[in-house]
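To keep things clear, I will list the structure first and then write my remarks on it.
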């Protein structure tokens, strides 16, 4: 079962050091994400995607005028096993339970086809192109929707 656990201890930070990625074209590496969360600690939090005791991915989540996923990746050796989908379902469930805002937002580069497909499978829809670069797509998930595709 997938759990989202805050990266809030030396032990969990140590887990991040071993999470590897070959490409950082669209999302930085684990320690880069943790560093971003530290720099923006007033509103962005780092969460580990855990399968039991094993860290399989990382994400940065924020809550401002809506919920947001600032960064997200699954480590190379854990990809194509359903962890991305399970992590997104956990995020959706968490934000739905909190019920502070009606929308979850994420910005995805249009060339990042695996990410676009994952978010679409989870029920996110492209709502606009980023005004600062049309290559980036703004995707949103409405928490009041009931539709979810099968895994």
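The values are calculated or read from the model by the stated rules, or taken from the named source; none is laboratory data. A quick note: this is a predicted structure, and the numbers were derived from the prediction, not measured. For neighbour counting, all protein chains shown are included, and Cβ atoms are generated from backbone atoms with ideal geometry for every residue, glycine included.
Counting the residues of region 72-82 that are in contact (Cβ under 8 Å) with a residue 40 or more places away in the chain and surrounded by fewer than 18 Cβ atoms within 10 Å (Cβ to Cβ) gives 3. In region 98-116, the qualifying residues are those that are part of a helix (DSSP H, G or I) and more than 25 Å from residue 54 (Cα to Cα), and the one that is nearest to the chain's Cα centre (by Cα) is 116.
Among what's in region 39-55 and is over 12 Å from the mean Cα position of the chain (by Cα) and modelled with pLDDT of 90 or more, pick the residue that is surrounded by the most Cβ atoms within 10 Å (Cβ to Cβ). Here the answer is 55. Only one of 92, 69 is under 15 Å from the mean Cα position of the chain (by Cα), buried (at least 17 other Cβ atoms within 10 Å of the Cβ) and part of a helix (DSSP H, G or I). Can you tell me which? Testing whether each residue is under 15 Å from the mean Cα position of the chain (by Cα), buried (at least 17 other Cβ atoms within 10 Å of the Cβ) and part of a helix (DSSP H, G or I) leaves just 92.
Summed over region 128-141, residues that are loosely packed, with under 13 Cβ neighbours inside 10 Å and either without any contact (Cβ under 8 Å) to a residue 24 or more places away in the chain or out of contact with any strand residue (DSSP E or B) (no Cβ under 7 Å at 6 or more places or on another chain) (or both) total 5.
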